[in-house]
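In what follows, a structure is listed as structure tokens, so that the remarks can point back to it.
The values are calculated or read from the model by the stated rules, or taken from the named source; none is laboratory data. Bear in mind the structure is a predicted one, so any value in this text is a computation, not a measurement. Please note: Cβ atoms are built from the backbone with ideal geometry, for glycine as well, and neighbour counts cover all protein chains shown. Keep in mind that these areas ignore ligands, DNA and RNA; they rest on the heavy atoms of the full protein, side chains included. Shrake-Rupley method; radii C 1.70, N 1.55, O 1.52, S 1.80 Å.
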Amino acid sequence: MDKTFSQYEYCLRNDVIQNVRQKLHDLKEFYNELEKQLHQNLMDIRSGRKYSSILNEILHRYRSSRYTPQAMASIYQEFDRYREKIRFVHYLSMNKVACFGRETSVEVERIKNNFHHCFEYYCDWSNVNNLFETSNLFIKLIKNGTQMVFVDLEVNPRARNINVVPEGNRICQYFNGRYTDKDYLQTWKEKQSKCFVKCLGQKKSVPKNISKFVYVKLPCPQSFKDESCGAAECEWYCADCEQRLQYDFKQHFYCRCGIAPVEAYQFHCSDQHHGESYVTFENNDKLYTLIHEIRPYEEVNILLLGETGVGKTTFINSSANAVTYSKLEEAEMSEPICLIPSQFTCTELDNDERVVRKIQIGQSENENFKDGESCTQSPKSHVVIVGNKLIRYIDTPGIGDTRGTTTDKENFASILQYISQFDKIHGICVLLKPNESRLNLVFKYCINELLSHLHVSAAANIVFCFTRARETFYQPGDSWPILKRYVDELYDNRNVKLDLSTKSVYCFDNEAFRFLHLMRNGVKYTDDERAIFEKSWEISVKESQRLLNHFQNDVAPHIVNETVSLNEARQIILTAAQPLADITKNIQKNYINISRQQTEIQQADAYDFKLRGKLMIKHIGFETEEIEYPRTVCNSSTCTETKKQPNSEVKKVIYKAICHDHCYLKNVTPETAPNPALQECAAMDADLICKECGCQWDTHLHIRFIQREVEKEVEDENVRRSIDQNKSEIEIQLDAIKSLEERIDEYEKVQADIDQILAKFASFLKENAILAYNDTVEDYLKLNIRDEKEQIPPNYELLKKMEEQLDRYQEEKRILDSRLESGEIQHVQPGDIKELQKELENLPLVGKDFKILFDATVNGVKKNLQVGQQQPHDPYNQAAVQKYHPKNRNDNERQLGKFESIGQSIMSLFG
């Protein structure tokens with residue numbers, strides 16, 4: 001015993017060691033004295049000096065002492081728990097567990113032993129509460145191969161205080177500088193109480209477009225067999241990835257591992273009577289009956305819009321945690337919710353030097369971490385379940401992307417396409433920075449771009465959320481006056497009222513979420529700094545709950561189809577612009593030709609006039625051949641030819657260079673140049689020069705139809721009837737002139753009908769859009785022209801292009817404004833747009849031509865949109881970005897490319 005206690009003194013308290021040593025000393029003294037008495041009395045008895053009865057007295061004193069085997073049992077029992085502890089510590093040391101005893105600093109030992117991930121057992125052997133359960137669990141964990149640490153609180157009670165570990169025997173999980181779990185026994189018990197499933201078949205990859213799901217809650221199949229398990233519904237987890245099992249409302253269960261039909265799963269509930277085996281439903285009809293009774297969550301859909309860099313991604317992660325954990329400590333003790341991978345940088349002191357650290361949370365193809373470019377590359381939903389509600393945050397690409405307004409336009413097209421899958425949007429959050437000190441052009445451009453894509457009925461659902469508000473004391477700060485001025489001007493100029501009351505203004509600070517992950521990555525903070533972020537967390541919780549309450553109780557959901565229809569109508573209007581222009585030119589050319597024929601007939605000599613040779617009326621029209629695939633053509637002056645029509649001032653552009661007859665590139669907007677996606681066309685060489693025509697890439701475009709101008713002869717029925725009736729040549733001539741005059745009247749009526757329909761299109765746009773178009777593009781171009789002129793020396797080529805773009809924009813804006821301002825307002829509903837399109841297609845004389853041209857143009861756009869529905873559309877893929885922004889290109893050249901994109905966006909704005 002003395003040897004054992006000496007060997008393991010490091011795990012025993014000093015008073016215990018002293019007590020053991022004292023008792024061993026007393027025992028040794030007693031036996032030494034007893035031995036001495038026996039020896040002396042035996043000598044005396046043998047010499048006759050004492051009687052043998054003296055031995056009975058010695059024996060009686062021994063039997064009545066504390067050192068008989070019976071009496072020593074109580075002493076052994078007193079130290080029995082220490083022997084158990086010694087055996088336990090001995091087992092730990094034999095299994096290479098790091099044992100931290102007296103005067104040992106856990107933190108110092110971690111650093112010395114390079115422990116980044118370990119389980120630490122804070123053990124107070126004098127506290128029997130949970131001692132047996134915790135010790136047994138610790139032994140089980142040893143077998144898992146993770147580094148294990150035994151912290152003996154009985155001999156080192158300060159270890160608990162130093163590391164802020166709650167009282168009691170507990171196993172803590174330590175990872176990368178912080179405790180991720182301070183009561184692993186409870187976590188383990190919860191895991192044991194979970195119900196698990198296994199998939200019998202092969203799982204498939206989980207589709208990305210699951211729009212509706214619930215976490216699975218079903219009774220155990222065994223409860224329907226022998227009733228050995230309870231009939232209550234259980235929450236089910238995957239036995240492999242330990243994630244909650246979900247149902248997609250299409251007869252599939254899925255988790256992180258994959259997806260499979262519901263009948264492919266076996267179940268094992270936590271009922272103590274279940275047994276060891278996994279079981280299935282004996283009758284699949286019972287399973288189908290149960291899943292058909294599953295009801296979807298009550299959904300709250302929140303669309304997030306904002307300028308690039310405002311912090312939408314961090315806002316979503318922060319809000320998801322705020323609605324789940326009411327306090328920072330709860331999130332710290334649990335696994336923080338990270339709906340979207342993101343990254344940020346921080347600095348920390350390391351030996352009196354500031355070191356920059358990059359903190360990356362997760363990894364995703366949908367996130368782009370390049371400076372200045374929108375981090376989110378395409379719209380995507382991120383959901384969090386709170387009670388029986390599903391809160392869906394719809395993350396979108398940022399507005400004001402440095403890649404140009406063309407990218408913004410494409411981003412909004414993808415947003416509208418994405419939200420069309422939802423019936424309702426409960427809230428539209430416009431995220432703003434709180435410290436904008438003036439109404440600058442970028443701020444106004446971004447707000448205008450947002451509002452120009454929203455139906456006027458969505459105004460009630462718009463709220464303004466200020467991010468990073470801690471630096472402005474959780475108030476809107478300098479941004480408030482400029483936002484209020486902008487909203488007032490919007491009301492004065494457009495009669496659209498955006499609410500700026502407390503119900504529609506929210507102030508958040510996302511830094512608490514970052515602080516949480518900084519701690520998880522081992523960054524140290526003082527108690528005062530922690531208190532600041534705890535307050536930030538509490539405010540975010542309060543604002544998040546207030547925001548959700550507003551969307552659910554204060555405003556009616558916005559019907560998504562209204563916004564989608566508005567933008568579809570705008571697209572129809574813009575797409576129809578070119579076909580309508582072609583048809584108008586066609587009408588004018590026919591008018592000129594018919595007038596010419598009328599003059600010729602009137603001037604013809606009645607006797608020499610060969611009426612039968614003039615029987616056929618010349619009519620100029622279009623034959624359009626739709627192409628199922630795109631062709632790459634060159635739009636440069638050297639590769640196009642402008643032909644003047646006979647006896648007319650009308651000119652027609654002819655594409656002479658078909659550079660790639662069948663181009664396989666997708667996601668290329670037809671009839672748009674320059675288009676960066678065409679850099680990938682097979683016709684381009686490594687220097688982005690066309691191998692067929694030798695021109696630069698930016699002069700090329702895609703076409704999906706070919707227009708062939710044809711001159712046809714149409715027989716005049718009146719002339720034929722007069723000939724048949726043997727009318728005189730003079731009578732036939734007069735009938736021909738009358739027929740031509742009637743045809744001219746028909747064309748003029750058609751022209752008036754087209755103008756009237758266009759007026760209805762403009763009226764619809766004016767009535768239903770918060771903003772008909774973004775009018776800040778002109779100011780933006782003027783600002784950049786002025787800035788470029790101040791450069792020494794200026795880039796004259798860039799200046800010329802920007803000034804040409806400005807001239808085009810001003811002319812197109814004048815035309816659109818005249819349409820919007822002329823005539824009375826006509827109340828046109830979203831469903832009327834398609835009917836108006838049919839009216840155009842049914843017009844006499846030109847309706848058929850219009851339908852052919854219109855279908856050819858619109859179908860080309862639809863084909864590109866369908867490609868976007870199949871997979872997220874990113875026109876600036878990595879290869880294109882590398883070609884479009886090569887490292888060896890100077891800043892002026894990059895800016896030139898940027899303004900080429902802006903110009904294209906301006907042109908597409910007006911069709």
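Overview of results
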item	result
√(5λ) per eigenvalue of the Cα gyration tensor, region 651-698, largest first, Å	17, 14, 11
Contour excess over end-to-end distance, with Cα ends at Y655 and K50 and 0.36 nm allotted per residue	203.7 nm
Relative contact order (percent, whole number), region 461-532, Cα cutoff 8 Å, 6+ residue spacing	44
Computed E for C241/D527 - FRET, C-beta separation, R0 51 angstrom, nearest 0.05	0.85
Accessible surface, region 22-116, averaged per residue in Å² (probe 1.4 Å)	72
Two-site label geometry, F132 and I291: point separation in nm, points 7 Å out along Cα→Cβ	4.4
Restraint check, K389/K535; K738/K848; K198/K312; K312/K444, Cα-Cα greater than 29 Å	K198/K312
Total formal charge among the other residues, if their Cβ is under 11 angstrom from that of D26, Lys/Arg +1 and Asp/Glu -1	+2
For q = 0.13, 0.16 Å⁻¹, Debye-computed log10 I/I(0) when each Cα of region 12-167 counts as one equal scatterer	-0.72, -0.93
Tail weight of P(r) past 26 Å, computed on alpha-carbon pairs of region 203-336, percent	39
Debye-sum result for region 488-541 in log10 I(q)/I(0), which assumes one identical scatterer on each alpha carbon, at q = 0.14, 0.19, 0.20 Å⁻¹	-0.54, -0.70, -0.74
Surface share of carbon and sulfur [accessible, 1.4 angstrom probe, percent] for region 115-216	48
Dipole magnitude of region 429-535 about its Cα centre (Cβ charges: Lys, Arg +1; Asp, Glu -1), debye to nearest 20	160
Mean accessible surface per residue for region 117-220, computed with a 1.4 Å probe while every protein chain stays in place, in Å²	50
Largest-first principal axis extents, alpha carbons of region 25-80, Å	47, 19, 10
Set K28/K85; K250/K358; K503/K760 screened for pairs whose C-alpha atoms are more than 30 Å apart	K250/K358; K503/K760
Carbon + sulfur, % of accessible area of region 432-551 - ligands and nucleic acids excluded, 1.4 Å	49
Label-to-label distance, nm, for residues given as H117 and R786 (7 Å Cα→Cβ offset)	5.8
Relative contact order of region 140-223, defined on C-alpha pairs under 8 angstrom at six or more residues apart (%)	12
At most 10 other Cβ within 10 Å, DSSP loop - trypsin sites (Lys or Arg not before Pro), region 45-132	R49, K96
Charge sum, other residues only, whose C-beta stays under 14 Å from A239's C-beta, Lys/Arg counted +1 and Asp/Glu -1	+2
Label-point gap, in nm, between R87 and Q22 - each point 7 angstrom along Cα→Cβ	2.7
S501/E767 FRET efficiency (R0 25 Å; Cβ-Cβ; nearest 0.05)	0.45
Sparse-neighbourhood loop sites, trypsin sites (Lys or Arg not before Pro) in region 466-549 - DSSP loop, at most 14 other Cβ within 10 angstrom	K497, K524
Per residue Cα convex hull volume in Å³ - calculated over region 157-282	151
Modelled FRET efficiency - R0 60 Å, N283 with S326, Cβ distances, 0.05 increments	0.85
